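What follows is one structure encoded as structure tokens, with my remarks underneath.
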Amino acid sequence: NIMVGRVGTEQMTGVAIVNQLIFVFNLAIFGAVSGAGIFGAQYYGKGDWDGVRQTFRFKLLVCTALTVLGAGIFLLFGEDLILLYLKGDGSPEQIAASLGYAKEYLLIMLVGFLPYGLSQAYSSTLREADRTVVPMRASIYALVLGVVLNYLLIPVLGVAGAALATVVSRFAELGMNAW
């Protein structure tokens, strides 16, 4: 949001609104993975590898289902959800511009939903299995990659650059966690 804010107010408004909406999706993924993780940690603790595999499969299925559900909601109702936040100060031109930037950002961010969900399933399973360094390293690398790509892409592509940087960093994080 800070880096997009240098581009313009309408761009920052659009990105901030979409990020608030996506935060709800992220919470759903976190809740699903954390709930199943309780069982995964118990299975790992008693050496029940089949139980760990079953828990991991469950996480993959739930994250995939939540991704499809979340993407469907945002594709069908994204504009309406964004407009809920755009009631207030500002001219009709500013509101229309913010809506346009928000929709552009959201469409690109939807591509990152699946790698985010799968990465969360992998990283939580790794943490439950006492392999905490791998997901931590993947998160740090993804964060650094995201910042660098944002720095390079936002001045050139605006909100699309910010979304693209985030999506690329999510795929990179997934790759590092699944490796």
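If I fit a long axis through the Cα atoms of helix 49-85 and take the longest principal axis of the Cα atoms of the chain, what angle between them do I get, 0 to 90°, rounded to 10?
10
Starting from 0.36 nm per residue, how many nanometres of slack lie between LEU61 and THR9 once their C-alpha separation is accounted for?
On the way: separation 52, 0.36 × 52 = 18.72 nm, distance 3.89 nm.
Length gained, LEU61 through THR9: 14.8 nm.
Go ahead and run the numbers for FRET between VAL24 and VAL156, Cβ-Cβ distance against an R0 of 35 Å, rounding to 0.05.
0.70
If contacts are Cα pairs under 8 angstrom and at least 6 residues apart, what is the relative contact order of the chain in percent?
Numbers: 204 pairs, mean separation 52.6, N = 179.
Relative contact order here is 29 percent.
Could I have the simple spin-label model distance between VAL133 and LYS87, label points 7 Å from Cα toward Cβ, reported in nm to one decimal?
5.3
Top to bottom by accessible area (1.4 Å), largest first, where do MET109, MET136, MET3, MET12 land? All intermediate terms of the calculation are to be shown ahead of the outcome.
Values: MET109 5, MET136 110, MET3 50, MET12 80 Å².
Accessible-area ranking of MET109, MET136, MET3, MET12, largest first: MET136, MET12, MET3, MET109.
Per residue, how much accessible surface does the range 51-155 expose to a 1.4 Å probe? Answer in Å², no decimals.
56
Order the peptides 23-30, 168-175 from the highest to the lowest mean number of other Cβ atoms within 10 Å of their residues.
Those peptides, ordered most packed to least, come out 168-175, 23-30.
Report the FRET efficiency, 1/(1 + (r/R0)^6), for TRP179 and PHE77, where r is their Cβ-Cβ distance and R0 is 30 Å, rounded to 0.05. Before the final figure, lay out each step's value.
Numbers: r = 36 Å, r/R0 = 1.20.
Efficiency, from the Cβ-Cβ distance: 0.25.
Is it possible to state the helix-based mean residue ellipticity at 222 nm for the chain, with each DSSP H run of 4+ residues giving -39500 (n - 2.57), the sum divided by total residues, to the nearest 500 deg cm²/dmol? What is it?
-30500 deg cm²/dmol
Please say if the range 53-164 is rounded, prolate or oblate, where rounded means a/c under 1.5 for a ≥ b ≥ c the square roots of the C-alpha gyration tensor eigenvalues, and otherwise the choice is prolate for a/b larger than b/c and oblate otherwise?
Cα axes put the range 53-164 in the oblate bin.
The values are calculated or read from the model by the stated rules, or taken from the named source; none is laboratory data. Values in this document were obtained by computation on a predicted structure and should not be read as measured data. A quick note on method: Cβ atoms are made from the backbone with ideal geometry, for glycine too, and the neighbour counts reach across all protein chains shown. The protein model used for the area step is the full one, side chains on, heavy atoms only, and it has no ligands, DNA or RNA in it. Shrake-Rupley method; radii C 1.70, N 1.55, O 1.52, S 1.80 Å.
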